[in-house]
Amino acid sequence: MKNHEEKSFYDVSSTLVQIDKNISTEEVSETLKGIDFNNVRDKNMLILSQMVSEGETKAVKYLLDHGADPNLESSSYHYYKGPAILFALQNKRSKTEVKLEIINMLIDYGSDINAKAQWFDSNQELAINGNLIEYGLELGMESLKVVNDENFDAESRKSSAKEIEGLQAMLSLLQKSGSIVKPETLKNLKVFLNVEIKNATKADPKKFLEEALSVLSVKDRVYDLPSAAKKVCYKYLENEYFMLSKEWAELIRHLVKISLTFEEVSEYVYDGEIVSFMDDEGWLSQSWEEYNWFDELVDVFFNENVKKNPEWNKLLALMIKECPKYDAESIDEKLANLLKEAWVQSHKSFQELKNIAKQNIPQISIYLD
(Lines give C-alpha, C1' and ligand atoms only; values in the text may rest on other atoms or scores of the structure.)
Protein backbone atom coordinates (compact mmCIF):
# COMPACT_ATOMS: atom_id res chain seq x y z
CA MET A 1 0.00 0.00 0.00
CA LYS A 2 1.35 3.43 -0.91
CA ASN A 3 2.28 5.84 1.82
CA HIS A 4 -0.26 8.52 0.83
CA GLU A 5 -3.09 5.97 0.89
CA GLU A 6 -2.35 5.25 4.52
CA LYS A 7 -2.71 8.85 5.65
CA SER A 8 -6.07 10.23 6.74
CA PHE A 9 -6.98 13.92 6.82
CA TYR A 10 -6.34 13.82 10.56
CA ASP A 11 -2.92 12.18 10.06
CA VAL A 12 -1.86 14.85 7.58
CA SER A 13 -3.16 17.80 9.63
CA SER A 14 -1.61 16.44 12.85
CA THR A 15 1.75 16.16 11.12
CA LEU A 16 1.63 19.59 9.51
CA VAL A 17 0.90 21.48 12.74
CA GLN A 18 4.05 20.01 14.28
CA ILE A 19 6.42 21.63 11.79
CA ASP A 20 9.36 23.14 13.70
CA LYS A 21 7.68 22.30 16.99
CA ASN A 22 8.38 18.61 17.41
CA ILE A 23 9.48 17.64 13.90
CA SER A 24 11.51 19.27 11.16
CA THR A 25 10.36 20.14 7.65
CA GLU A 26 12.50 17.30 6.32
CA GLU A 27 10.80 14.79 8.63
CA VAL A 28 7.39 16.09 7.54
CA SER A 29 8.36 15.61 3.90
CA GLU A 30 9.40 12.05 4.60
CA THR A 31 6.21 11.29 6.52
CA LEU A 32 3.95 12.85 3.87
CA LYS A 33 5.95 11.71 0.86
CA GLY A 34 3.85 11.06 -2.24
CA ILE A 35 0.70 12.80 -1.04
CA ASP A 36 -1.25 15.04 -3.42
CA PHE A 37 -2.45 17.76 -1.05
CA ASN A 38 -5.12 18.86 -3.51
CA ASN A 39 -6.90 15.58 -2.83
CA VAL A 40 -6.69 15.59 0.97
CA ARG A 41 -10.17 16.50 2.17
CA ASP A 42 -12.33 16.09 5.24
CA LYS A 43 -15.74 15.93 3.61
CA ASN A 44 -15.51 19.11 1.47
CA MET A 45 -12.70 20.83 3.37
CA LEU A 46 -9.27 20.79 1.72
CA ILE A 47 -6.25 20.49 3.99
CA LEU A 48 -4.92 23.90 2.84
CA SER A 49 -8.17 25.66 3.76
CA GLN A 50 -8.15 23.90 7.13
CA MET A 51 -4.62 25.06 7.95
CA VAL A 52 -5.47 28.58 6.76
CA SER A 53 -8.53 28.74 9.01
CA GLU A 54 -6.44 27.63 11.99
CA GLY A 55 -3.70 30.18 11.35
CA GLU A 56 -0.96 27.55 10.97
CA THR A 57 1.48 29.69 8.98
CA LYS A 58 4.25 27.10 8.64
CA ALA A 59 1.80 24.42 7.55
CA VAL A 60 0.29 26.80 4.99
CA LYS A 61 3.76 27.65 3.64
CA TYR A 62 4.66 23.97 3.43
CA LEU A 63 1.48 23.09 1.56
CA LEU A 64 1.91 25.94 -0.92
CA ASP A 65 5.53 24.97 -1.47
CA HIS A 66 4.41 21.40 -2.18
CA GLY A 67 1.76 22.10 -4.77
CA ALA A 68 -1.42 22.92 -2.88
CA ASP A 69 -3.64 25.11 -5.09
CA PRO A 70 -5.02 28.13 -3.15
CA ASN A 71 -7.82 28.60 -5.69
CA LEU A 72 -9.49 25.23 -5.22
CA GLU A 73 -12.86 25.47 -3.52
CA SER A 74 -13.61 24.16 -0.06
CA SER A 75 -16.86 24.30 1.85
CA SER A 76 -17.97 23.93 5.44
CA TYR A 77 -21.24 22.01 5.35
CA HIS A 78 -23.82 24.32 3.74
CA TYR A 79 -22.71 27.51 5.50
CA TYR A 80 -20.05 28.88 3.14
CA LYS A 81 -17.72 27.85 0.33
CA GLY A 82 -14.86 29.40 -1.59
CA PRO A 83 -11.06 29.39 -2.04
CA ALA A 84 -8.47 29.34 0.72
CA ILE A 85 -8.59 33.13 1.32
CA LEU A 86 -12.22 32.82 2.39
CA PHE A 87 -11.04 30.62 5.26
CA ALA A 88 -8.44 33.20 6.25
CA LEU A 89 -11.34 35.63 6.69
CA GLN A 90 -13.04 32.94 8.79
CA ASN A 91 -10.06 32.59 11.13
CA LYS A 92 -11.16 33.68 14.59
CA ARG A 93 -8.25 32.37 16.63
CA SER A 94 -5.11 34.08 15.31
CA LYS A 95 -3.58 37.50 15.81
CA THR A 96 -4.09 40.05 13.06
CA GLU A 97 -0.45 39.87 11.96
CA VAL A 98 -0.76 36.10 11.48
CA LYS A 99 -3.90 36.52 9.36
CA LEU A 100 -2.14 39.09 7.18
CA GLU A 101 0.93 36.88 6.81
CA ILE A 102 -1.24 34.04 5.56
CA ILE A 103 -3.20 36.16 3.10
CA ASN A 104 0.04 37.63 1.72
CA MET A 105 1.36 34.10 1.28
CA LEU A 106 -1.78 33.00 -0.55
CA ILE A 107 -1.58 36.02 -2.86
CA ASP A 108 2.12 35.37 -3.53
CA TYR A 109 1.25 31.81 -4.55
CA GLY A 110 -1.40 32.89 -7.03
CA SER A 111 -4.64 33.28 -5.10
CA ASP A 112 -7.38 34.95 -7.13
CA ILE A 113 -8.41 37.90 -4.96
CA ASN A 114 -11.49 38.36 -7.14
CA ALA A 115 -12.70 34.80 -6.65
CA LYS A 116 -16.37 34.19 -5.91
CA ALA A 117 -17.71 32.92 -2.62
CA GLN A 118 -21.06 31.67 -1.42
CA TRP A 119 -22.60 31.89 2.02
CA PHE A 120 -26.00 31.89 3.66
CA ASP A 121 -27.87 34.68 5.40
CA SER A 122 -28.14 34.80 9.20
CA ASN A 123 -31.22 32.56 9.12
CA GLN A 124 -29.35 29.97 7.03
CA GLU A 125 -32.10 30.12 4.42
CA LEU A 126 -30.98 32.31 1.53
CA ALA A 127 -27.78 31.54 -0.41
CA ILE A 128 -25.74 34.66 -1.19
CA ASN A 129 -23.09 34.88 -3.91
CA GLY A 130 -20.44 37.56 -3.92
CA ASN A 131 -16.74 38.28 -3.81
CA LEU A 132 -14.34 37.92 -0.88
CA ILE A 133 -14.63 41.53 0.28
CA GLU A 134 -18.42 41.29 0.34
CA TYR A 135 -18.15 38.13 2.40
CA GLY A 136 -15.67 39.76 4.78
CA LEU A 137 -18.00 42.73 5.23
CA GLU A 138 -20.83 40.33 6.10
CA LEU A 139 -18.66 38.79 8.82
CA GLY A 140 -17.62 42.23 10.05
CA MET A 141 -21.18 43.49 10.36
CA GLU A 142 -22.16 40.44 12.42
CA SER A 143 -19.23 41.01 14.78
CA LEU A 144 -20.06 44.71 15.04
CA LYS A 145 -23.58 43.85 16.19
CA VAL A 146 -22.10 41.83 19.05
CA VAL A 147 -19.64 44.58 20.06
CA ASN A 148 -22.41 47.19 20.20
CA ASP A 149 -24.91 45.05 22.11
CA GLU A 150 -24.36 45.11 25.87
CA ASN A 151 -26.64 42.09 26.24
CA PHE A 152 -23.73 39.97 25.06
CA ASP A 153 -21.19 38.90 27.67
CA ALA A 154 -17.86 40.69 27.87
CA GLU A 155 -15.93 37.73 26.48
CA SER A 156 -18.07 37.57 23.32
CA ARG A 157 -17.81 41.32 22.76
CA LYS A 158 -14.06 41.27 23.22
CA SER A 159 -13.67 38.35 20.82
CA SER A 160 -15.82 40.12 18.24
CA ALA A 161 -13.76 43.30 18.59
CA LYS A 162 -10.62 41.29 17.76
CA GLU A 163 -12.38 39.77 14.76
CA ILE A 164 -13.27 43.25 13.51
CA GLU A 165 -9.67 44.39 13.87
CA GLY A 166 -8.46 41.40 11.86
CA LEU A 167 -11.11 41.79 9.17
CA GLN A 168 -10.35 45.48 8.78
CA ALA A 169 -6.69 44.67 8.15
CA MET A 170 -7.42 41.78 5.78
CA LEU A 171 -10.05 43.58 3.72
CA SER A 172 -7.80 46.62 3.45
CA LEU A 173 -5.04 44.35 2.17
CA LEU A 174 -7.34 42.77 -0.43
CA GLN A 175 -8.45 46.21 -1.61
CA LYS A 176 -4.86 47.46 -1.92
CA SER A 177 -3.94 44.26 -3.77
CA GLY A 178 -6.43 45.12 -6.52
CA SER A 179 -9.66 43.41 -5.54
CA ILE A 180 -12.48 44.68 -7.76
CA VAL A 181 -15.58 45.82 -5.86
CA LYS A 182 -18.86 47.44 -6.81
CA PRO A 183 -19.35 51.16 -5.93
CA GLU A 184 -21.86 50.31 -3.20
CA THR A 185 -19.51 47.70 -1.72
CA LEU A 186 -16.65 50.19 -1.80
CA LYS A 187 -18.80 52.66 0.11
CA ASN A 188 -19.62 50.06 2.76
CA LEU A 189 -15.97 49.02 2.94
CA LYS A 190 -14.84 52.57 3.68
CA VAL A 191 -17.39 52.82 6.49
CA PHE A 192 -16.29 49.50 7.98
CA LEU A 193 -12.58 50.33 7.78
CA ASN A 194 -13.24 53.54 9.72
CA VAL A 195 -15.08 51.77 12.56
CA GLU A 196 -13.26 52.61 15.79
CA ILE A 197 -13.27 49.74 18.26
CA LYS A 198 -10.46 50.94 20.48
CA ASN A 199 -11.37 51.07 24.17
CA ALA A 200 -10.18 54.56 25.02
CA THR A 201 -13.10 56.39 26.59
CA LYS A 202 -11.95 59.31 28.72
CA ALA A 203 -13.01 58.84 32.32
CA ASP A 204 -12.17 59.91 35.84
CA PRO A 205 -9.98 57.05 37.23
CA LYS A 206 -11.57 57.23 40.69
CA LYS A 207 -15.07 57.01 39.25
CA PHE A 208 -14.01 54.23 36.90
CA LEU A 209 -12.67 52.26 39.86
CA GLU A 210 -15.86 52.82 41.82
CA GLU A 211 -17.95 51.62 38.89
CA ALA A 212 -15.80 48.52 38.44
CA LEU A 213 -15.98 47.64 42.13
CA SER A 214 -19.74 48.06 41.96
CA VAL A 215 -19.91 45.56 39.10
CA LEU A 216 -17.92 43.11 41.22
CA SER A 217 -20.35 43.45 44.15
CA VAL A 218 -22.40 40.37 43.28
CA LYS A 219 -24.79 38.32 45.40
CA ASP A 220 -23.46 34.89 44.49
CA ARG A 221 -19.67 34.88 44.58
CA VAL A 222 -19.09 31.63 42.70
CA TYR A 223 -21.97 31.80 40.24
CA ASP A 224 -21.94 35.54 39.41
CA LEU A 225 -18.39 36.76 40.07
CA PRO A 226 -16.62 35.17 37.06
CA SER A 227 -18.81 36.89 34.45
CA ALA A 228 -18.63 40.16 36.41
CA ALA A 229 -14.83 39.96 36.61
CA LYS A 230 -14.51 39.26 32.87
CA LYS A 231 -16.76 42.23 32.16
CA VAL A 232 -14.50 44.44 34.30
CA CYS A 233 -11.44 43.23 32.37
CA TYR A 234 -13.05 44.09 29.05
CA LYS A 235 -14.86 47.31 29.91
CA TYR A 236 -12.50 48.89 32.43
CA LEU A 237 -9.01 47.37 32.52
CA GLU A 238 -8.59 47.53 28.74
CA ASN A 239 -9.44 51.22 28.64
CA GLU A 240 -6.23 52.97 27.57
CA TYR A 241 -6.92 56.14 29.55
CA PHE A 242 -7.69 54.26 32.74
CA MET A 243 -4.61 52.09 32.12
CA LEU A 244 -2.31 54.98 33.02
CA SER A 245 -3.66 55.45 36.54
CA LYS A 246 -2.84 54.05 39.95
CA GLU A 247 -6.52 53.07 40.23
CA TRP A 248 -6.03 50.71 37.29
CA ALA A 249 -3.23 48.98 39.19
CA GLU A 250 -5.39 48.85 42.29
CA LEU A 251 -8.19 47.17 40.35
CA ILE A 252 -5.86 44.47 39.01
CA ARG A 253 -4.59 43.70 42.51
CA HIS A 254 -8.18 43.51 43.71
CA LEU A 255 -9.18 41.10 40.93
CA VAL A 256 -6.26 38.83 41.78
CA LYS A 257 -7.10 38.95 45.48
CA ILE A 258 -10.77 37.99 45.04
CA SER A 259 -10.06 35.16 42.60
CA LEU A 260 -11.77 31.83 43.22
CA THR A 261 -9.80 28.79 44.28
CA PHE A 262 -10.65 25.32 43.04
CA GLU A 263 -11.59 24.31 46.58
CA GLU A 264 -14.06 27.16 46.86
CA VAL A 265 -15.76 26.31 43.60
CA SER A 266 -15.85 22.58 44.31
CA GLU A 267 -17.41 23.23 47.72
CA TYR A 268 -20.09 25.27 45.99
CA VAL A 269 -20.74 22.71 43.26
CA TYR A 270 -20.71 19.68 45.55
CA ASP A 271 -23.00 21.18 48.21
CA GLY A 272 -20.42 21.85 50.89
CA GLU A 273 -17.95 19.10 50.07
CA ILE A 274 -14.45 20.09 48.96
CA VAL A 275 -13.09 17.65 46.38
CA SER A 276 -9.82 17.34 44.51
CA PHE A 277 -9.30 17.54 40.76
CA MET A 278 -9.06 13.75 40.70
CA ASP A 279 -12.37 13.26 42.54
CA ASP A 280 -14.60 15.72 40.73
CA GLU A 281 -15.80 13.12 38.19
CA GLY A 282 -14.38 15.15 35.32
CA TRP A 283 -17.10 17.80 35.35
CA LEU A 284 -15.57 20.61 37.35
CA SER A 285 -12.03 20.43 36.01
CA GLN A 286 -13.32 20.39 32.45
CA SER A 287 -15.21 23.63 32.96
CA TRP A 288 -12.74 25.27 35.32
CA GLU A 289 -12.01 28.12 32.91
CA GLU A 290 -15.58 29.32 33.34
CA TYR A 291 -14.73 30.18 36.94
CA ASN A 292 -11.36 31.76 36.29
CA TRP A 293 -10.48 35.19 34.86
CA PHE A 294 -6.67 35.06 34.86
CA ASP A 295 -6.86 34.45 31.12
CA GLU A 296 -8.62 37.79 30.65
CA LEU A 297 -6.14 39.54 32.96
CA VAL A 298 -3.23 38.35 30.84
CA ASP A 299 -5.04 39.51 27.69
CA VAL A 300 -5.06 43.04 29.12
CA PHE A 301 -1.25 43.03 29.19
CA PHE A 302 -0.92 42.32 25.47
CA ASN A 303 -1.72 45.99 24.93
CA GLU A 304 1.67 47.69 24.81
CA ASN A 305 0.05 50.75 26.35
CA VAL A 306 0.29 49.04 29.76
CA LYS A 307 4.00 49.87 29.89
CA LYS A 308 3.00 53.50 30.47
CA ASN A 309 1.79 52.43 33.89
CA PRO A 310 4.86 52.37 36.17
CA GLU A 311 3.54 49.31 38.03
CA TRP A 312 2.82 47.09 35.03
CA ASN A 313 5.76 44.71 35.54
CA LYS A 314 5.06 44.32 39.26
CA LEU A 315 1.42 43.55 38.50
CA LEU A 316 2.38 40.97 35.89
CA ALA A 317 4.78 39.38 38.37
CA LEU A 318 1.98 39.26 40.94
CA MET A 319 -0.37 37.52 38.50
CA ILE A 320 2.30 34.94 37.60
CA LYS A 321 3.01 34.18 41.25
CA GLU A 322 -0.67 33.81 42.10
CA CYS A 323 -1.55 31.53 39.16
CA PRO A 324 -0.82 28.26 41.01
CA LYS A 325 -2.86 29.32 44.04
CA TYR A 326 -5.90 29.80 41.86
CA ASP A 327 -5.23 26.80 39.60
CA ALA A 328 -4.69 29.09 36.62
CA GLU A 329 -1.57 27.44 35.20
CA SER A 330 -3.50 26.69 32.01
CA ILE A 331 -2.51 30.15 30.76
CA ASP A 332 1.15 29.11 30.54
CA GLU A 333 1.31 29.28 26.75
CA LYS A 334 -0.43 32.67 26.66
CA LEU A 335 1.94 34.02 29.32
CA ALA A 336 4.89 32.72 27.33
CA ASN A 337 3.63 34.51 24.22
CA LEU A 338 3.32 37.70 26.25
CA LEU A 339 6.89 37.35 27.47
CA LYS A 340 7.99 36.94 23.85
CA GLU A 341 6.58 40.35 22.90
CA ALA A 342 9.44 42.62 21.79
CA TRP A 343 8.43 45.48 24.07
CA VAL A 344 8.38 43.12 27.09
CA GLN A 345 11.76 41.63 26.26
CA SER A 346 13.31 45.08 25.87
CA HIS A 347 12.21 46.13 29.38
CA LYS A 348 14.75 46.01 32.19
CA SER A 349 12.50 43.69 34.22
CA PHE A 350 12.21 41.02 31.51
CA GLN A 351 14.72 38.53 32.87
CA GLU A 352 13.21 38.82 36.34
CA LEU A 353 9.72 38.22 34.93
CA LYS A 354 10.97 35.23 32.96
CA ASN A 355 12.59 33.73 36.07
CA ILE A 356 9.44 34.29 38.12
CA ALA A 357 7.40 32.54 35.42
CA LYS A 358 9.72 29.51 35.37
CA GLN A 359 9.78 29.26 39.16
CA ASN A 360 6.02 29.45 39.61
CA ILE A 361 4.79 27.72 36.44
CA PRO A 362 7.49 25.14 35.56
CA GLN A 363 5.68 23.91 32.42
CA ILE A 364 6.04 27.37 30.87
CA SER A 365 9.65 26.46 30.03
CA ILE A 366 8.31 24.35 27.15
CA TYR A 367 7.25 27.56 25.41
CA LEU A 368 10.05 29.86 26.54
CA ASP A 369 13.14 27.74 25.87
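The values are calculated or read from the model by the stated rules, or taken from the named source; none is laboratory data. Source: prediction; values computed, not measured. Heads up, the Cβs are rebuilt from the backbone with ideal geometry, glycines too, and the neighbour counts pull from every protein chain shown.
Looking only at segment 254-277, decide whether some residue is in contact with a helix residue (DSSP H, G or I) (Cβ under 9 Å, 6 or more places away or on another chain), within 20 Å of Lys334 (Cα to Cα), of a type in the set (Lys, Arg) and modelled with pLDDT of 80 or more. Within segment 254-277, none of the residues are in contact with a helix residue (DSSP H, G or I) (Cβ under 9 Å, 6 or more places away or on another chain), within 20 Å of Lys334 (Cα to Cα), of a type in the set (Lys, Arg) and modelled with pLDDT of 80 or more.
Close Cβ contacts (under 8 Å, 6 or more residues apart or on different chains) running from residues in segment 109-127 that are more than 16 Å from Asp69 (Cα to Cα) and at pLDDT below 85 to residues that are among the charged types (D, E, K, R) and not in a loop (DSSP other than H, G, I, E, B) comprise Ser122/Glu142. Suppose we keep only residues that are free of Cβ contacts under 8 Å to residues at least 24 places away in the same chain and not in a helix (DSSP H, G or I) within segment 7-18. Which one would you say is farthest from Lys61 (Cα to Cα)? Within segment 7-18, the match that is farthest from Lys61 (Cα to Cα) is Ser8. Could you list, in sequence order, all residues of segment 214-234 that are more than 19 Å from Met319 (Cβ to Cβ), part of a helix (DSSP H, G or I) and of a type outside the set (Asp, Glu)? Matches in segment 214-234: Ser214, Val215, Arg221, Val222, Tyr223, Ser227. Quick check, is Glu26 under 23 Å from the mean Cα position of the chain (by Cα) and either of a type in the set (Asp, Glu) or outside the structural domain of Met170 (by TED's automatic domain parsing) (or both)? Spelling it out, it is not the case that Glu26 is under 23 Å from the mean Cα position of the chain (by Cα) and either of a type in the set (Asp, Glu) or outside the structural domain of Met170 (by TED's automatic domain parsing) (or both). Number of residues in segment 19-54 that are of a type outside the set (A, V, I, L, M, F, W, C), assigned to a helix (DSSP H, G or I) and in contact with a Phe, Trp or Tyr (Cβ under 8 Å, 6 or more places away or on another chain): the value is 4. Checked against (1) surrounded by fewer than 18 Cβ atoms within 10 Å (Cβ to Cβ); (2) touching a residue at least 24 places away in the same chain (Cβ under 8 Å), Ile23 passes all but a single condition, namely (2). Tell me whether segment 322-340 contains one or more residues that are of a type in the set (Val, Ile, Thr), modelled with pLDDT of 95 or more and buried (at least 20 other Cβ atoms within 10 Å of the Cβ). No: segment 322-340 contains no residue that is of a type in the set (Val, Ile, Thr), modelled with pLDDT of 95 or more and buried (at least 20 other Cβ atoms within 10 Å of the Cβ). Applying the condition of being closer than 24 Å to Asn305 by Cβ and small (Gly, Ala, Ser) to segment 341-369 and asking which residue is surrounded by the most Cβ atoms within 10 Å (Cβ to Cβ) yields Ala357. Residues of segment 66-85 that are part of a loop (DSSP other than H, G, I, E, B), buried (at least 18 other Cβ atoms within 10 Å of the Cβ) and either among the hydrophobic types (A, V, I, L, M, F, W, C) or not assigned by TED's automatic domain parsing to the domain that holds Lys43 (or both): Ala68 alone.
Pairing each residue of segment 354-369 that is assigned by TED's automatic domain parsing to the domain that holds Glu333 and part of a loop (DSSP other than H, G, I, E, B) with any residue that is surrounded by 12 or more Cβ atoms within 10 Å (Cβ to Cβ) and of a type in the set (Val, Ile, Thr), provided the two are 6+ apart or on different chains, yields no C-beta distance under 6 Å.
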